[in-house]
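See structure below.
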Amino acid sequence: MNQTVSMDNKRQHTRYYSTAQAVIEGNRKEEAELKDISVTGCRIKAENYLEIRPHSKHEIRIIPEQESEVEAFKLSVEAKWAGTEVDSHIFGFGIIKSPEGKQFERYVDYLSWRYSQGNSMIGDSSPVIA
């Protein structure tokens, strides 16, 4: 993977690839995968269809990969967009707040450190600016 920059350059913060698990809380809890995260937003991949409308608010529990040594934390988010891939659904969220802000901060710091060390679990040390 190479570092990518969006054509419209709307992002102000680097997004880091992640392999953390995510649980979208609502009428039913839905397990998903956190694909990337920054201090202002995240992208989540779910195998099942979820009724998530733009501007709807949600609570997401992030369960970081064990090697990060960061405890699970919650994010209050607002849905920004939704899309599909061949076998899954992708959702973009803006982060409103994190009740466990220190854990969230530690996780983004860990991802930043991991990429700066060239120690990516995905096979590349480049974060995404997209």
Relative contact order computed over segment 3-114 (Cα-Cα under 8 Å; 6+ residues apart), in percent: 24
Segments 93-100, 15-22 sorted - mean Cβ within 10 Å per residue, highest first: 15-22, 93-100
All-pairs alpha carbon distance profile, segment 16-116, 10 Å steps from 0, percent: 16, 54, 26, 3
For ILE96, residues with placed amide H under 5 Å, excluding near neighbours: SER76, VAL77, GLU78
Calculated from backbone phi, Karplus (6.51, -1.76, 1.60) coupling profile of segment 92-99 in Hz, x at Gly/Pro: x, 10, x, 8, 8, 6, 10, x
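Laboratory data are not the source of any read-out in this text; all were calculated from the coordinates shown. Please read all numbers here as calculations on a predicted model, not as lab measurements. A quick note on method: Cβ atoms are made from the backbone with ideal geometry, for glycine too, and the neighbour counts reach across all protein chains shown.
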